[in-house]
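Note sheet for the following structure.
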Amino acid sequence: MKSRWYQNAVVYQIYPRSFCDSNGDGIGDLNGITSKIPYLKALGVDAVWLSPCYASPNDDNGYDISDYRAIMPEFGTMADWERMIAALHENGIRLIMDLVVNHTSDEHRWFVESKKGRDNPYSDYYIWRDGTGADHRTPPNKWGACFGGSAWEYCEERGQFYLHLFSKKQPDLNWDNPKVRQEVADICNFWFEKGVDGFRCDVITYISKPENLYGAPFSSTVVGPNWKKYIRALAEASWDRYDTLIVGEATGIDFDRAAEITDEREHLLDTLFHYEHVAQVPVCRHSQQSTNLRRFKRVLFRWQTLPQASWPAVYYENHDQPRSIPRFAPSGALRERSAKSLTASLLFQRGTAFVYQGQELGMTNAPFREEDYRDIQAVNQIRATRSRPSARLEMPFLLRYLRRYSRDHARTPMQWSGAPNAGFTTGNPWLMVNPNYPQINAAEQQDRDDSVLNFYRRALSIRRVWIDLIRDGSFEPVDPKNKNVMAYARRLGDRTLLVLCSLSPKKSSVRIPAEYRTGDAKLLLGNLEQSPVLREKTMLAPCQCVVFAIGG
Ligand code: ISL
Ligand code: CA
C-alpha cells in the first residue's frame, strides 16, 4: 500500500563512486556512505537515491549491470549494504535504489547465453535482428547509440545484430519477452524484501520498442506501443505492493505524455524526471552561464502546472548534468549567493525535490584537460574526434563543449575538507578532484553560519514546517517575463509563501502585485543581511533571494 510519503520528501542523490572512500583505493564505497549518515541527517534529507551499486564491469560506471542481486566488490559486500540501509533507516532516511533494466551489461549471464545461439533459454532476452543488404551486414535501422556509433552491433557468434541504445557493452533487454518482465519484477521484489523504499528507473521510457524495427524512427521507442501494459503489470507484480517511490527517468518525454503516465489513477510511475530545463544550448557564447533565465522559468513554471492527479519531481543537478553553477547562476565572487538563490528557487516548488551530492556546498564544474575525462561519453567523443583527419580543427570545439557539458563535472569527488584530495580518499582518486576544494568543502561550511550548507539546512527545515502548503498549495508565477529574477508564490487557504530569487549579477527589480503587498510579510529565509521592502517595484541586490510568509 502506498502512503505517498515522497510527496513531502527531499531526496539526496549519491553517486557512490565519488562520495566517500573508506579504504583508500580511490573509489567511493558503501562503508564511506554509512560513515556520512550523520552528515545527511544534519542536512535534513528524507531519502537517499543511490546510483547503481550492483556488480558491473563499469563500462558506464555501474549503469551496465552484470548481476542485479550482487554488490560491486569495489563498493563493498552485501553485509556492508545491509549495514548501510539499517543505519539509514535508524536515522529516518529512506533508500531509493537505481533500477537499470532497459539494458544489462554484455557480461550478464543472460547475454553470455543469449549470444550463443537462437535456441537456448535466453535467446530472446535481448533484441536480435538479422542484418540487411546482400551480405546481411547492414544494421536494421539507422539509430545511433547514445555514446557514439550505430545502436546495432554485429555478433559473429550468433550471426545477428543486437540493439544497444547506449554503449555496445549495454545490450537492450527484450521486454516483449514475458520472461524478461518476470525477471524484472523478481529483481524489484528481491530488493523490496531487503528493505528498499523505491526505485529510480533508468531510461524507463525506452523499454518498449516498436514492433517493426526495420526502418523505424527513433522517436517510436519513447513510451513505445506496449509501454503502459508492461509498466502496469510491473506495478501490480511489485511496485504497488510496497510503500514505494517510483521515479522514472523520462528521457524524451513531453508535458502531455508526462501528465498521462504519472497520473496516479493509471498506476504507472509516481513521478518522473523530464529534461526540458536542462536541454543543452550551443556553446558559442563566452559566458559559462549558458541558460536564458526566461526560458528556464517558462519551462519550470509550465511543469508546475501538471494536473493534480500527477506529481512533479524537481531538480537542477544529477550525475549526468554539469553543475548548476555556473550553468544557471553566476560563479566567481557571487558563487555562494548564487547557490543559495538557486536553492530557494528550487525547494519551494511543488514536487519531490532532488538534491545531488555537493550541490549543498555550491560545488562547481571542474577545469578538466583532455586527458582528465573518464566518462565513456567524453572518452568516446575524444577518441572519435582524434581519429578524424579534421581533428586539429574539431578538437578545440569538442573540448569547449566538454568544459561546459561533460558528465564528469558532476562526478568529481565530494569535497569533504581541505585535507589532501578534499578528504575524499587517502589514495589516488579515480577522477580528478576539483582544485577549488580548499575553498569549497563541507568542513569549512559546517560551522560557518552563512555558508551554503547551512542555508540548505535552514531551507530544508523551513520546508518541513510549510510542507502542507508546498505540497498542496497553488503555484502562481510572479513577474514571469522578468529576465533576472525567478519569482513565484505558493498559496493554500489564507497563507502564502512569496519566493523571490535573483539569478543575475546585476541589481534587479521585480514587480510584486498588490495582493502580496499586504504589509504583514514576514521574512523566513534570505541570503543577505538586509531584506528588501516589498513594493510594486521591489529591488534585489545581485543574486539576492528572499522567502516571505504572508497571512495566516
Ligand atoms: O547523459 C546524457 C547526455 O549527456 C543522457 O543522454 C543520458 O545518457 C540519458 O539521460 C540516460 O541516462 C541514464 O542512462 C544511461 C547512463 O549512462 C546515465 O548515467 C543514466 O542516468 C545509460 O544507463
Ligand atoms: Ca574504496
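The values are calculated or read from the model by the stated rules, or taken from the named source; none is laboratory data. In this text, all values refer to a predicted model and were calculated from it rather than measured experimentally. As a convention, Cβ positions derive from the backbone with ideal geometry for all residues, glycine included, and neighbour counts pool all protein chains shown. The accessibility values were calculated without ligands, DNA or RNA, using every heavy atom of the protein model including side chains. Shrake-Rupley method; radii C 1.70, N 1.55, O 1.52, S 1.80 Å.
Check cross-link reach from K537 to the aspartates and glutamates: straight Cα distance under 14 Å, and skip same-chain residues fewer than eight apart. Counting by Cα, and skipping residues close in sequence, K537 has these aspartates and glutamates nearby: D479, E515. Here the range 165-240 is treated as a sphere whose radius is the Kirkwood value from Cα pairs; by Stokes-Einstein at 10 °C and 1.306 mPa s it diffuses with a coefficient of 117 µm²/s.
Over 20 Å apart at the Cα level, from the set K2/K194; K2/K41; K115/K168, are K2/K41.
Heavy atoms of the protein chains alone define the surface here; on that basis the range 61-218 has 39 Å² accessible area per residue at 1.4 Å probe size. For the pair the range 83-120 / the range 448-522, the C-alpha centres are spaced 40 Å from each other. Overall dimensions of the chain, expressed as equivalent-ellipsoid semi-axes from the Cα gyration tensor (√(5λ), whole Å, largest first), are 39, 26, 24. What the phi angles of the range 176-191 give under the Karplus curve with 6.51, -1.76 and 1.60, with θ = phi - 60°, is a coupling list of 6, 8, x, 5, 5, 5, 5, 4, 5, 4, 5, 4, 4, 5, 3, 6 Hz, glycine and proline written as x.
Only aspartates and glutamates eight or more places from K179 in sequence, or on another chain, were considered; those with a Cα closer than 13 Å are D124. Radius of gyration (Cα atoms) of the range 417-552, expressed as a multiple of 2.2 N^0.38 Å: 1.30. Estimated purely from DSSP H runs of n ≥ 4, each contributing -39500 (n - 2.57), the mean residue ellipticity at 222 nm for the chain is -7500 deg cm²/dmol once divided by its residues. Give the carbon-plus-sulfur fraction of the accessible surface of the range 375-502 in %, rounded to a whole number; probe 1.4 Å, heavy atoms of protein chains only. With neighbouring chains kept in place, the figure for the range 375-502 is 54 percent. Using only Cα atoms, tell me the angle between helix 227-237 and the longest principal axis of the chain; keep it within 0 to 90° and round to the nearest 10. With rounding to tens, the tilt is 80 degrees.
A cut-off under 10 angstrom between Cβ atoms defines the neighbours of L95, and their net charge, with Lys, Arg +1 and Asp, Glu -1, is +1.
Under 5 Å between amide hydrogens, built in the peptide plane, is the criterion, and for A70 it picks out A55 among residues at least 5 positions away or on other chains. Given in Å, the Rg to one decimal and the Dmax to the nearest whole number for the Cα atoms of the range 19-91 are 12.4, 35.
Ordered from largest to smallest accessible area (heavy atoms of protein chains, 1.4 Å probe), the residues S531, S451, S387 come out as S387, S531, S451.
Cα convex hull, the range 23-174: 132 Å³ per residue, rounded to a whole number. If you fit an axis through the alpha-carbon atoms of helix 391-405 and take the longest principal axis of the Cα set of the chain, what angle between them do you get, 0 to 90°, nearest 10? Between the helix axis and the principal axis of the chain, the angle is about 50 degrees. With distances taken between every two different alpha-carbon atoms, the range 127-173 has a Kirkwood hydrodynamic radius of 10.5 Å. Thinking of the range 236-393 as a set of Cα atoms, what percent of all their pairs are more than 18 Å apart? Summing the P(r) of the range 236-393 above 18 Å gives 67 percent of all pairs. Summing Lys and Arg as +1 and Asp and Glu as -1 over all other residues whose Cβ lies under 10 Å from the Cβ of G195 gives a net charge of -1. Taking amide H atoms as placed 1.01 Å from N in the peptide plane, the amide H of L524 lies under 5 Å from those of V547, F548, A549, each 5 or more residues away in sequence or on another chain.
Take the Kirkwood radius over Cα pairs of the range 432-497, plug it into Stokes-Einstein at 4 °C and 1.567 mPa s, and you get 88 µm²/s for translational diffusion.
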